[in-house]
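Following: one structure in structure tokens, then a few remarks.
All of the numbers you see were taken from the coordinates with simple rules; none came from a lab. Computed from a predicted model, the values in this text were never measured in an experiment. Methodologically, a virtual Cβ is constructed for each residue, glycine included, from the backbone with ideal geometry; neighbour enumeration extends over all protein chains shown.
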Amino acid sequence: MMSESWKIWYEDSLSEYDDLFWASKLHFSISSLGFYNYPYLFGYLFSLGIYAQQPAYGSEFNQRYTRLLRDTGILSAEDVVQKHLKKDLKSPEFWQESLNIVAKSVGRFEQLVQQI
């Protein structure tokens with residue numbers, strides 16, 4: 001799966017593909033290193049939560065998203081989402097919308113695995 005994914009992403013720009021790349025990066029899955037993994041998890045769910053707002057804003061979303069990105073170096077995560085998307089990061093709803101996208105992706109992955 002790793003090689004196939006790399007072929008899709010990198011096409012012919014790599015001379016070879018490392019099937020075991022994921023296994024050589026143990027810090028990807030060491031749960032006791034919360035200080036290391038937390039920023040990745042937060043960023044992943046934060047970005048999905050922003051993406052989940054697209055249907056509510058329709059064609060206006062791209063402009064809001066661009067303005068949000070411009071303010072990320074100035075405002076806190078809470079303030080930037082409140083300002084541009086009128087959402088509260090302290091609300092479970094924002095994070096649930098993120099997790100709904102994850103659940104959909106997991107479901108799709110499970111369907112693909114069953115086809116193999």
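Mind sorting V81, V106 by how few other Cβ atoms lie within 10 Å of their own Cβ, fewest first?
V106, V81
By how many nm would the segment from K90 to A23 lengthen if fully extended, with 0.36 nm per residue of separation less the alpha-carbon distance?
20.6 nm
Read phi for every residue in the stretch 41-47 and hand back ³J(HN,Hα) as whole Hz from Karplus 6.51 cos²θ - 1.76 cosθ + 1.60, θ = phi - 60°, with x for Gly and Pro.
5, 4, x, 5, 5, 4, 5
Can you give the relative contact order of the chain as a percent, counting alpha carbon pairs under 8 Å and 6+ residues apart?
Worked out over the chain, it gives 20 percent.
Rank S3, Q54, Q114 by how far each Cα sits towards the positive end of the charge dipole of the chain (+1 on Lys, Arg Cβ; -1 on Asp, Glu Cβ) and give me just the farthest.
Selected residue: Q54.
Can you compute the FRET efficiency between A103 and L41 using 1/(1 + (r/R0)^6), with r the Cβ-Cβ distance and R0 = 22 Å? Round to the nearest 0.05.
After rounding, the FRET efficiency stands at 0.90.
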